[in-house]
Ligand code: EPU
């Protein structure tokens, strides 16, 4: 086990290249199960979620090669192997194996997914969709059993706008008989990316990126080559770093339209943001104004940037209210930021920050992926050394974090935890 050490308080500048989108990757990889010949995905991020999914596809008999950022999956030898335990529990997105395996084999057994603890994260809308398509779904001892004699297209209205349910229903419906209509669908860019891959595989999907998606089932899907979209949350994290401690940072390989909500908020704070075709440049800013933020479904302010943004607000003069309408309990980073001298309190679904304060280096623990990002940013701002544990969370979603930060002039390194530190962490 390792910790991340950050010598904070220094300005950063230069160029950082954004990797492929984690939340696309974790759906694109399961989607390959549906093909009848090899699929290649280019531009994958170097993160542990990709490795875990590779292992899961191999468990069900797939032949997978992963070189640098490219994965080729030969799904022809896959079988409908039950996956009640093990790797499926290590990431939330293993729920996409339900839709993909149901679509291909008409049956699947998948252990209930793990992932970040952000409060309750039900999958009732996924199940509602599978049932509407004709599947019988039962929960037996923590594993979801899905079975259908045949999948038939259906009209499905999502009661909650859900990224996962929208993608999972698409995966199950592309090979169903007839037309499926998903109403009140989520509109995140990752949904369009998955629909693009499936369309290249021969699926018939219209409306991805709007709140009504129409899918006409086809009998078979074939292999193809697909390039993943850039990670808008990774890009947003570096934009926040640039606003917090940058003296001119160019963020390369981005789709600026995916980041308009963050760009607008940074500009309100007085940060200069210039967008190009696939780059964003952020010049340094000495005095930051406060802003309130409220997370919403896309194209609103993303919940995944709420935690990193809260760290930035510790530098702004005055009080800000950060409200998370998607995950009302996504505030586990606040106690850790307080240990670093932040003045923040949590009231219900909101965090109220008061600044500016000078953050101080401390020993802190990442409780989830984006909490980890929030603490890394805090470490870059803080005076002195910050030690962040819980790196397994950060490694799930940030490709080559240490290399990218040091490339901008930061002093960040990984160190093995001592025996005492491992024991201490087990006890808290
Ligand atoms: N919800 C339900 N029922 C469902 C599904 C969702 O009530 O069946 C609720 C959730 O509890 C939540 C809201 O609907 O309050 C939205 O959840 P959604 O299903 O959209 O989230 P998700 O698909 O599980 C993805 C990302 C998350 C990101 C959310 C919201 C992946 C693998 N994960 O999760 O990313 O926060 O969408 O945008 O795509 C992260 O990257 O750090 C992360 C947690």
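Overview of values
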read-out: Rounded, prolate or oblate (a/c below 1.5 giving rounded, otherwise prolate when a/b exceeds b/c) for region 22-227 by Cα gyration tensor; value: rounded
read-out: Percentage relative contact order, region 195-294, counting C-alpha pairs under 8 Å, at least six apart; value: 22 percent
read-out: Sequence ranges 230-236, 52-58, 164-170, ranked by mean other-Cβ count within 10 angstrom, highest first; value: 164-170, 230-236, 52-58
read-out: Computed [θ] at 222 nm, helices only, for the chain once each DSSP H run of length n ≥ 4 contributes -39500 (n - 2.57); value: -9000 deg cm²/dmol
read-out: Relative contact order for region 22-227, counting Cα pairs under 8 Å that sit 6 or more residues apart, in percent; value: 21 percent
read-out: Convex hull of region 158-263 built on C-alpha atoms - directionally averaged projected area, nm²; value: 7.6 nm²
read-out: Per-residue Cβ neighbour rank within 10 angstrom, fewest leading, 255, 334, 41; value: 255, 334, 41
read-out: Highest to lowest packing among 412-421, 149-158, 18-27, scored as the average C-beta count within 10 Å; value: 18-27, 149-158, 412-421
read-out: More than 16 Å apart - percent of Cα-Cα pairs taken over region 208-283; value: 58 percent
read-out: Cα gyration tensor shape of the chain, rounded if a/c is under 1.5, else prolate or oblate by comparing a/b with b/c; value: prolate
read-out: Cα shape, region 215-329, gyration tensor, a/c 1.5 rule; value: oblate
read-out: Relative exposure of 340, 269, judged by other C-beta atoms within 10 Å (fewest first); value: 269, 340
read-out: Rounded tilt (10° steps) of 189-200 against the dominant C-alpha axis of the chain; value: 30 degrees
read-out: For the chain: relative contact order, % (alpha-carbon pairs under 8 angstrom, 6 or more apart); value: 20 percent
read-out: Antiparallel DSSP beta bridges within region 22-227, percent to nearest 5; value: 75 percent
read-out: √(5λ) per eigenvalue of the Cα gyration tensor, region 367-428, largest first, Å; value: 20, 14, 12
read-out: With Cα atoms, 0 to 90° folded angle of helix 369-381 axis to the chain main axis; value: 20 degrees
read-out: Along principal axes, Cα extents of region 1-117, largest first, whole Å; value: 55, 30, 21
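A short reminder: the numbers here are calculations on the coordinates, not readings from a lab. Not measured: the values here are computed from a predicted model. Cβ sites come from the backbone with ideal geometry, for glycine too, and all protein chains shown count toward neighbours.
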